[in-house]
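First up is the structure itself, then whatever we jot down about it.
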Amino acid sequence: MTAGVYSKARVIQDDPGQVVQRWLVAGWRDLRANLGFSLGYGAALVLAGWATIWFLNASGMAWMLLPLLAGGVLVGPVATVGLYAVARGKREVASKGQIALVGAILMVFALTWIRAATVLFAIVYGLRPFAGFTETLQLLLSTQEGWVLMVAGSLTGGLFAALGFAVSAFSLPMLVDRKIDGFSAMGLSFNAATHNFWLCVWWGAAITFLTALGILTGLLGLAIVFPLLGYATWHAYADLFHGDA
């Protein structure tokens, strides 16, 4: 492998808001250029989300919905890998096996977060049977213990999300682009995120905001948000590592 495979990201000094806007505009341009494929890709992910929700309700595990939504933020980037190759203009993927490795690591993060959420609930409310999703949500919003749990859960989940974002934000598109091992890609992604800290805070906030909008539409909006963010993520990687968004 050449030294260029392991080259670090550049530091972007431009206004973070303008840079993020540039990435999203480039992503929107790709979405419009590949409209049928993009909407089909997004719709498939939405259907998978609905199927998961149905399964949780049918199996009496609706209590896992909120932790799974939070955990989905960690593993969600893996679902958009197919879009990176389209934005790249080449359908082949350089390091397929390493993408699976990074996906497995992110899944461990997500499962650890779900377990942490379960433990926090038990600490605050004890080992009580699950009363139902709606009843538990009311319990969280209407009691002092519920607010404490939401704050503690948000802080804990935020730590998992920040670490997951830092190691995956640019490693996954890098593995589509370069023949490199997963751990090196995650290290370079973490380095890029820390050296472009405020830019990545803006980028993470944009991802969170758009994803929340998609969820609030009953997941329907995610049919557009998923491909938009997938394409934009490729351009974010290209901007940082190739100097070309």
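Yes/no per residue for (1) of a type in the set (Gly, Ala, Ser); (2) assigned to a helix (DSSP H, G or I); (3) modelled with pLDDT of 80 or more:
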residue	(1), (2), (3)
70	yes, yes, no
75	no, yes, no
82	yes, yes, yes
91	no, no, no
97	yes, yes, yes
109	no, yes, yes
112	no, yes, yes
118	no, yes, no
129	no, no, no
Give the stretch 166-196 a look and list any residue that's of a type outside the set (A, V, I, L, M, F, W, C), in contact with a Leu (Cβ under 9 Å, 6 or more places away or on another chain) and outside any loop (DSSP other than H, G, I, E, B), or say none.
168, 171, 182, 189
If a residue must be within 17 Å of residue 109 (Cα to Cα) and open to solvent by 20 Å² or more (accessible area, probe 1.4 Å), how many such residues does the stretch 142-166 contain?
10
Identity of the residue in the stretch 2-39, more than 11 Å from residue 231 (Cβ to Cβ) and of a type in the set (D, E, K, R), that ends up surrounded by the fewest Cβ atoms within 10 Å (Cβ to Cβ):
14
Those residues of the stretch 200-210 which are farther than 13 Å from residue 24 by Cβ and under 12 Å from the mean Cα position of the chain (by Cα), in sequence order
204, 208
Could you please tell me which pairs satisfy a Cβ distance under 6 Å, a separation of 6+ or placement on different chains, a first residue in the stretch 151-174 that is within 20 Å of residue 240 (Cβ to Cβ) and at pLDDT 85 or above, and a second residue that is part of a helix (DSSP H, G or I) and open to solvent by 40 Å² or more (accessible area, probe 1.4 Å)?
164/109; 166/190; 167/190
Within the stretch 169-221, which residues are surrounded by fewer than 18 Cβ atoms within 10 Å (Cβ to Cβ) and among the basic types (Lys, Arg)?
179
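The values are calculated or read from the model by the stated rules, or taken from the named source; none is laboratory data. Keep in mind that this is a model prediction, so the values were computed, not measured. Every residue, glycine as well, gets a Cβ built from its backbone with ideal geometry; the counts of neighbours run over all protein chains shown. Only protein heavy atoms, including side chains, enter the accessible area calculation; ligands, DNA and RNA are left aside. Shrake-Rupley method; radii C 1.70, N 1.55, O 1.52, S 1.80 Å.
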